[in-house]
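Please treat every number below as a calculation from the coordinates, not as lab data. Just so it is clear, the model here is predicted, and its values are computed rather than measured. Here the Cβ positions follow ideal geometry from the backbone for every residue, glycine too, while neighbour counts run over all protein chains shown.
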Amino acid sequence: MRHTLILVLLALVFPLHAALAIEPGEAVALPPAVTSGGMPLMEALATRLSSREFREDPIPDQLLSDLLWAAWGVSRADGHRTAPSAMNNQEIDIYVVRADGAWRYDATAHALVLVTTQDLRRDAGMQPFVWKAPVNLVYVADYGRMKNLPPGQREHYASADLGFIGQNVYLFCASTGLATVIRGLLNRDAMKGKLGLADDQHVLLSQTVGWPAAE
Ligand SMILES: Cc1cc2nc3c(=O)[nH]c(=O)nc-3n(C[C@H](O)[C@H](O)[C@H](O)COP(=O)(O)O)c2cc1C
């Protein structure tokens, strides 16, 4: 009983990925997302706003799991997601940029794949709050998954698809008391290089998520 209590306390203090030696390319499963409950939709819409003052406290794995599922998780047995995408191309990837590195969200496995152990928050934005907030979601469009659309229209469709994901994050944050702001101000070239993206992959926007600074 005492050992169990100590293990539970350790798990709370040290999230799973921190306790294991994870190499780039390896995945860490997220806890299953809680896909029920939350604030009534109309209240979440009325509460949604952009915030630019964050505390540095980390976001627990369970809340991150729920956030990513709400943002862009697999919601149906046929692989469809919580946000629409043109021709169901599902070209957007979410990278979770934190102090412990950058992780790609694998929605099918509901897992985080380690990309780099570097803290890329300095490249995730020019506004100082970005550098200390616990999570910055970096949204990347893979035009290689959009070959069924004319090249000149890919940016247009990818931007629209990303808008739905960003709003999912806004509504989830409104519902859970997290603060967030979607941002176009980020260092796309540095981020592309440090994430090791291919030519066809384009960094679009970033979205900071964290706890609101105390008023
Ligand atoms: C595409 C896009 C890019 C944005 N870029 C930034 C940004 O770089 N930095 C920032 O602080 N806010 C950014 N914002 C947030 C807007 O400034 C914000 O949504 C707007 O002021 C309206 O406020 P509200 O979201 O609270 O309704 C961006 C919003 C969008 C939709």
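Overview of results
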| item | result |
| --- | --- |
| Per-pair calculated FRET efficiency, R0 = 22 Å: V34 and R55 via Cβ, rounded to 0.05 | 0.45 |
| Unit charges at the beta carbon, dipole of the stretch 24-210: most positive-side option, A124, L68, A99 | A124 |
| Simple Cβ-charge dipole of the stretch 20-74, Lys/Arg +1 and Asp/Glu -1, about Cα centre, in debye nearest 20 | 280 |
| Angle between the chain longest axis and helix 2-13 axis [Cα atoms, degrees, rounded to 10] | 40 |
| Karplus 3J(HN,Hα) series, Hz, for the stretch 148-160 with 6.51 cos²θ - 1.76 cosθ + 1.60 (x for Gly, Pro) | 7, 10, x, x, x, 9, 5, 4, 4, 5, 5, 5, 5 |
| Debye, to nearest 20: dipole size of the chain, +1 on Lys, Arg Cβ, -1 on Asp, Glu Cβ | 180 |
| Acute angle (nearest 10 degrees) that the helix 61-72 long axis makes with the longest principal axis of the chain, alpha-carbon atoms | 20 |
| Residues listed by number, the stretch 113-145, amide nitrogen under 16 Å from A198 label point at 7 Å toward C-beta | 140-145 |
| Helix-derived mean residue ellipticity, 222 nm - over the chain, DSSP H n ≥ 4, -39500 (n - 2.57), to 500 | -9500 deg cm²/dmol |
